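Contents: one structure, followed by commentary.
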Amino acid sequence: MLSDLRFAFRLLLKSPGFSFAAIGALGLGIGLSTAIFNAFSGMLLRPFPHIRDENRLVFINSSQLNEPGSFYDLALPDFLDLRAETKTLEGLTTTVNRTMIFTGGETPIRALGADVSTEGFAMLGTKPHRGRLFDAADARPDAPRVALLGYALWHRLYGGREEIIGQTVTINGHPHTLVGVMPPGFAFPDRAELWTPLGYFGKPEQRGSHSFPGWARLKPGVTLDAAQAEVATIAARLAREHPTTNEGKTLTLRLVREEATEGIGLLMKLMLGAAICVLLIACANVANLLLARAAARGHEIAIRVSVGASRWQIVRQILVESLLLGVIGGTFGLLVAAWADSLLFSSVPEVEIPFWMTFDFDWRVFAFAAGAAIGSALLFGLFPALQVSRATALVLREGGRTTTGSPRARLVRQGLVVAQVALSAVLLIAAGLFVRSFLKLHAVNPGFDPSGVITFRVGLPPTQYQDKAQIRRFFEQLEPALAALPGVKAVGSTTILPGDGENRNVFLLEGQPEPATINAAPQATVRTVSAGYFAAMRIPLVRGRSFTADDRPDTPAVALVDEQFAARWFPGVDPVGRRFILGLPEKGETRHWIQIVGIVGNVPQKLDRPYERGGIYMAHGQNDQNFVNYAVHVQGDPATYGPALAKAVLSVQSDIPIYNVETMERLQALAYWERRFFSQIFGAFGLGALFLAALGVYGVMSYAVQQRTSEIGVRLALGATEGEVIRLIGRQGAWLVALGMGTGLLSALGVTRLMAGLLYGISPSDPPTYVAFTLVLAVTGLVACILPVRRAAKTDPMVALRSD
């Protein structure tokens, strides 16, 4: 074996062109597939850090019985009822995201935090890095306020000093004792880095308000199906007892990984499949290279056979050479994977990566790379080894021709080319569908103009600011301060920016019969905006009037609706002047009517989802909000205005920082980063496959031309024209390309059906995509066929005849 290995090294050094081509193709294929597997493993395989026995951890959703797959958060009363009654779940936990503001230093510091059920960390199985976790006593109304720090925040604010544990700091205007530090990388939920206990005292929110996520752990010996049956029974009882809010609803359990990777699992599987296709195409190229090189080694193999080498020794020698290529290609592939991973994840917004997703290379990734290298070596090396081992001493008498030029070897080479073209066709069409889908989405009118707009979020924490007059005064002073900044054209606020989630609420139009249940009531997207919001975002006013400074709490409630709302709920009727109420009031409650005073253009919250319900805009001056997003239309580059905006806010309230400062154009790009990201990835795979397939076609045709050099010389000497030679020999390559394309198109029609739910505006059998990319592949394949044939047709007939 050592002798075979040394000989294999010498062969690689003796043929640098062959070695470079083979190692490059393998490194590219192994590297890309390893990079994608690393992402696949991080999302779907790797255990969650700092969480015990994740396979028994479930996420609890509310859902509609008549809408399978419609998941949303729990109502707090439903959560408390489930917590009290369940016998199959333990450690039921919910959270409330909070903005936490540290004061006492030179400037206020904002951190993303969460109120967490005191049993939550024990339920997850997370242990503190320093100090202790919460206990039940910490959630009592009269208990001293305590907090847990995230590891990164601990280092950022206090330099990792352990003496800070047990000290008191001011958070949201109240003293809190820091009782512990969580482990590195822990950020449950939603990137939180500071935690306070969640108490369940006080009046619970309405059952119609769903804003509390739920987590729990299956009790030992309990299956997911048994727990699901129990929570469904509890949900049915709640529906009978509270029909107005709960009828038609149920409770659904999903494993936490299933919930966390919803919508991404299929894409990751498709990406991994595409990467493996590229690897297979690379292997086919190397196999063709080995088969071609075997023809040049006829004398060497024949001499080995003549002096007594066994067939196994010949096979072993060739396999050792293949394994050496695989090992070197795999090593190069790891470097490619590291580079591809850095490029891959630089395209993903940091806020979109949950804390439990880690993408460092671990044993799984190295095992996959090693398996890909060894498996590829066996895949592309075994058939050439078997073919070469059939050489006998007869080869010496036949001038060095080996059985690698036999019909069987020729069919294998041609079959590899057909497979390469077919795989390339599938990848190219899949890439084309993703690209066309993204371009369709990109062309949709968002209903506003994002250019020149910078946004930020600001607000007064409700635990610190509860006086409505004080909150109202802050926003009344802030908007003029922002508008007075040099370069500012318009300023407005909104509770939800376009593309950033959706707040749906039920409503009842005046004159319509009241629905029996909340689920039967019509719904619309509801936003609260200030008077300047439409000017800042350049949303057109279609009819009526906009909000003004005169729309205050002591004036009649008014609202604007968009064109879709008007068309859906007032067909053929002018809605201006009509009235409605938000929510369904309980019997005996006063009805607060809201009058529609204007209609604005449509601004869907998500461009890639149907916008059927329409939207309602409430006046900020009449609806108190603790937190809002500001949209500021400016001159010049909006990204440069952040410091001035922060200073303007501090001039109004010295302990309130701004956060989430971003241009509207970037927010629009981030809202649809997944579609752009996967379009780019599949596009890169498709182009890589096209390049490798073209090389494969070119290699096979070059070898075919080399084998028929004498025939070409004879034909040219007898008067055949260049065009006749090109048509005669090029026909073989054209048939291979055509067969590969036909096979690929049929395969693509089946494979792309899996992508139906991932596309926007086109079907998986989109004719323009199939036609365009079929033409691209056909032209590329034919060019790869003609180039070597054309070069041979220009050869001097005497030179061609002497080559025999």
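Before moving on, here are some points about what is shown:
- Long-range neighbours under 7 Å by Cβ, at least six apart or interchain, first residue more than 20 Å from G492 (Cα to Cα) within the range 455-480, second assigned to a helix (DSSP H, G or I): Y465/I471
- Odd one out for Q512, checked against (1) within 37 Å of the chain's Cα centre (by Cα); (2) surrounded by fewer than 17 Cβ atoms within 10 Å (Cβ to Cβ); (3) over 20 Å from D624 (Cβ atoms); (4) polar (S, T, N, Q): (1)
- Residue check for D115: assigned to a helix (DSSP H, G or I) and either over 20 Å from A229 (Cα atoms) or open to solvent by 40 Å² or more (accessible area, probe 1.4 Å) (or both): no
- Selection status of G400, modelled with pLDDT of 75 or more and open to solvent by less than 20 Å² (accessible area, probe 1.4 Å): no
- Sole residue being more than 25 Å from A25 (Cα to Cα) and at pLDDT 70 or above, chosen from Q317, Q313: Q313
- Listed by position, the helices (runs of 4 or more DSSP H) contained in the range 165-264 that have at least 2 residues being among the β-branched types (V, I, T) are 224-241, 243-246.
- Close pairs from the range 79-104: first within 19 Å of E241 (Cβ to Cβ) and among the hydrophobic types (A, V, I, L, M, F, W, C), partner assigned to a helix (DSSP H, G or I) and open to solvent by less than 60 Å² (accessible area, probe 1.4 Å), Cβ under 7 Å, at least 6 apart: L82/V231; L82/I234
- Test: R191 is open to solvent by 60 Å² or more (accessible area, probe 1.4 Å), over 28 Å from the mean Cα position of the chain (by Cα) and among the basic types (K, R): no
- Selected residue (criterion: farthest from the chain's Cα centre (by Cα)) from residues of the range 492-508 that are surrounded by 20 or more Cβ atoms within 10 Å (Cβ to Cβ) and polar (S, T, N, Q): S493
- Exactly one residue out of D804, D766 is open to solvent by 60 Å² or more (accessible area, probe 1.4 Å) and either at pLDDT below 75 or not basic (K, R) (or both): that is D804.
- Only listed residue being hydrophobic (A, V, I, L, M, F, W, C) and at pLDDT 85 or above, chosen from V348, V336: V336
- Among (1) crowded, with 19+ Cβ neighbours inside 10 Å; (2) within 26 Å of K647 (Cα to Cα); (3) touching a Phe, Trp or Tyr at 6+ places or on another chain (Cβ under 6 Å), the one test that I109 misses: (1)
- The residues in the range 64-91 that are over 25 Å from G185 (Cβ atoms), open to solvent by 10 Å² or more (accessible area, probe 1.4 Å) and part of a strand (DSSP E or B) can be counted, and the count is 4.
- When residues in the range 1-50 are screened for being in a helix (DSSP H, G or I), aromatic (F, W, Y) and buried (at least 19 other Cβ atoms within 10 Å of the Cβ), 2 of them pass.
- Set L5, L11, L57, L32: member being touching a Gly at 6+ places or on another chain (Cβ under 8 Å) and among the hydrophobic types (A, V, I, L, M, F, W, C): L32
- Only one of A778, A784 that is at pLDDT 85 or above and either open to solvent by less than 30 Å² (accessible area, probe 1.4 Å) or among the basic types (K, R) (or both): A778
- Residues of the range 543-587 that are of a type in the set (A, V, I, L, M, F, W, C) and without any contact (Cβ under 8 Å) to a residue 40 or more places away in the chain: F570, V573, V576.
- Restricting the range 118-139 to residues that are part of a helix (DSSP H, G or I) and under 22 Å from N172 (Cα atoms), the residue that is most open to solvent (accessible area, probe 1.4 Å) is A137.
- Against the conditions (1) modelled with pLDDT under 85; (2) assigned to a helix (DSSP H, G or I); (3) open to solvent by 50 Å² or more (accessible area, probe 1.4 Å), A792 satisfies every one except (3).
Residues checked against (1) crowded, with 20+ Cβ neighbours inside 10 Å; (2) in contact with a Phe, Trp or Tyr (Cβ under 6 Å, 6 or more places away or on another chain):
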site: N55; (1), (2): no, no
site: M100; (1), (2): yes, no
site: P141; (1), (2): no, yes
site: G150; (1), (2): yes, no
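- Considering only residues in the range 628-654 that are touching a Gly at 6+ places or on another chain (Cβ under 9 Å), open to solvent by 30 Å² or more (accessible area, probe 1.4 Å) and in contact (Cβ under 8 Å) with a residue 40 or more places away in the chain, the one that is nearest to N503 (Cα to Cα) turns out to be Y641.
- Any hit, the range 408-430, residues being in contact with a helix residue (DSSP H, G or I) (Cβ under 7 Å, 6 or more places away or on another chain), of a type in the set (A, V, I, L, M, F, W, C), touching a residue at least 60 places away in the same chain (Cβ under 8 Å) and more than 30 Å from G730 (Cα to Cα): no
Every residue, every condition in (1) aliphatic (A, V, I, L, M); (2) in contact with a His (Cβ under 9 Å, 6 or more places away or on another chain); (3) on the phi > 0 side of the Ramachandran plot; (4) not in a helix (DSSP H, G or I), yes or no:
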position: I454; (1), (2), (3), (4): yes, yes, no, yes
position: V458; (1), (2), (3), (4): yes, no, no, yes
position: P462; (1), (2), (3), (4): no, no, no, yes
position: F474; (1), (2), (3), (4): no, no, no, no
position: L482; (1), (2), (3), (4): yes, no, no, no
position: G499; (1), (2), (3), (4): no, no, yes, yes
position: E514; (1), (2), (3), (4): no, no, no, yes
position: A531; (1), (2), (3), (4): yes, yes, no, yes
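- Single condition D115 does not satisfy, out of (1) under 21 Å from R257 (Cβ atoms); (2) in contact with a Lys or Arg (Cβ under 7 Å, 6 or more places away or on another chain); (3) at pLDDT 90 or above: (1)
- Qualifying residue in the range 243-253 (condition: farther than 30 Å from G113 by Cβ, over 27 Å from the mean Cα position of the chain (by Cα) and modelled with pLDDT of 90 or more): yes
- Matching residues in the range 533-570 - criterion: being under 16 Å from P498 (Cβ atoms), part of a loop (DSSP other than H, G, I, E, B) and open to solvent by 60 Å² or more (accessible area, probe 1.4 Å): R538, P540
The values are calculated or read from the model by the stated rules, or taken from the named source; none is laboratory data. None of these values were measured; they are calculated from a predicted model. Here Cβ is always computed from backbone atoms with ideal geometry, including for glycine, and neighbour counts include all displayed protein chains. Keep in mind that these areas ignore ligands, DNA and RNA; they rest on the heavy atoms of the full protein, side chains included. Shrake-Rupley method; radii C 1.70, N 1.55, O 1.52, S 1.80 Å.
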